[in-house]
1. About the Cα centre of the chain, how large is the charge dipole given +1 on each Lys and Arg Cβ and -1 on each Asp and Glu Cβ? Please answer in debye to the nearest 20.
2. Counting only protein heavy atoms, what percent of the accessible surface of the chain is carbon or sulfur at a 1.4 Å probe?
3. Between helix 53-73 and the chain, what is the angle of the helix's C-alpha long axis to the longest principal axis, kept within 0 to 90° and rounded to the nearest 10?
4. Can you classify the stretch 2-60 as rounded, prolate or oblate using the Cα gyration tensor, where a ≥ b ≥ c are the square roots of its eigenvalues, rounded means a/c under 1.5, and otherwise it's prolate if a/b beats b/c and oblate if not?
5. What angle, in degrees between 0 and 90 and rounded to the nearest 10, separates the Cα long axis of helix 2-51 from the longest principal axis of the Cα atoms of the chain?
6. Go through GLY68, GLY43, ALA17 and say which Cα lies farthest out towards the positive end of the charge dipole of the chain; charges sit on Cβ, +1 for Lys and Arg, -1 for Asp and Glu.
Amino acid sequence: MSGSGSGGIQDSITDAAQHVAGGVHSTMEQAGNAACRAHDGIGEVRAVIRAQPITAALVVFALGYLFGRLGSLIPSGSRRA
């Protein structure tokens, strides 16, 4: 009787391990797909920069300006009265 009980537990552990392994495999596939998309996106950005270098420089300077202005709106904690 104890043999059939341990067989059920072993089957449930095996099923749980297979479920976890399937989840890990799915996650690895998704990570690989995301890495491929990111690599393709970087290639597209490089192509745009090479095709329009002046426009790309203006965009970078504009983003830097905006981030600088937004950063100046954040209060610093070192104000003294």
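The values are calculated or read from the model by the stated rules, or taken from the named source; none is laboratory data. All values derive from a computational prediction rather than experimental measurement. Cβ sites come from the backbone with ideal geometry, for glycine too, and all protein chains shown count toward neighbours. For the accessible areas, the whole protein counts, side chains as well, though only heavy atoms, and no ligand, DNA or RNA atoms are used. Shrake-Rupley method; radii C 1.70, N 1.55, O 1.52, S 1.80 Å.
1. Details: 6 positive and 5 negative charges, 182 e Å.
Result for the chain is approximately 880 debye, rounded to the nearest 20.
2. 66 percent
3. Its long axis makes an angle of about 80 degrees.
4. It is prolate, given that a/c is not under 1.5 and a/b is the larger ratio.
5. 20 degrees
6. GLY68
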